[in-house]
Amino acid sequence: MDVSELRERGLALRKAMFGEAAVEGRMQAAGDFGAPLQDIINAYVYGDVWSRAGLDPVVRSLVMLGITAASNRPEEFRVHVKGAIANGATAEQIQGVLLLVAMYCGVPAAIETHRIAAEALRSVP
């Protein structure tokens with residue numbers, strides 16, 4: 001598959017997970033300077049890795065929540081908790097991931113992400 005196909009597939013997946021406005025905002029955040037990174041994210045992160053067989057979207061989202069919480073990346077966690085909800089992750093699954101983060105990475109790594117997840121879950125109809 002050529003890179004333009006990966007890029008298109010990845011962009012479509014990102015927009016389905018996070019919403020068109022959010023993706024466009026993130027893609028424009030660093031202007032022309034950030035465009036090459038956004039191309040990499042669209043083509044390889046979402047067009048390739050997120051699109052592979054083997055893990056369903058909920059599992060991938062839960063893994064991302066664990067990674068972003070454990071590595072103290074609250075802004076990325078905020079993005080991915082919305083994606084996890086869009087992919088069908090339940091509050092119980094998200095809570096389970098964050099409790100594992102608390103036990104294995106420390107309570108400080110889980111405190112803010114619990115607050116962010118609770119806020120995101122409150123907005124779910």
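Only the coordinates and a few stated rules stand behind these numbers; no lab work does. Keep in mind that what you see is a predicted model, and the values were worked out from it rather than measured. Heads up, the Cβs are rebuilt from the backbone with ideal geometry, glycines too, and the neighbour counts pull from every protein chain shown.
The trypsin sites (Lys or Arg not before Pro) of the stretch 1-96 that meet both conditions, a loop assignment by DSSP and at most 13 other Cβ atoms within 10 Å of the site Cβ, are Arg52.
Inter-part distance, the stretch 19-45 to the stretch 63-107, computed on C-alpha centroids, equals 22 Å. Placing +1 on the Cβ of every Lys and Arg and -1 on the Cβ of every Asp and Glu, with nothing else charged, gives the chain a dipole about its Cα centre of roughly 300 debye. Full extension of the chain segment joining Arg52 with Asn72 gains 4.6 nm, where the gain is 0.36 nm per residue of separation less the Cα-Cα distance. Based on C-alpha pairs under 8 angstrom that are at least 6 apart in sequence, the stretch 56-125 has a relative contact order of 38 percent. Checking the a/c ratio against 1.5 first, then a/b against b/c, what shape does the Cα gyration tensor give for the stretch 1-52? Because a/c hits 1.5 or more and a/b fails to exceed b/c, the stretch 1-52 counts as oblate.
The residues packed around Leu37, meaning those with a beta-carbon under 13 Å from its beta-carbon, carry a net charge of 0 if Lys and Arg are +1 and Asp and Glu are -1.
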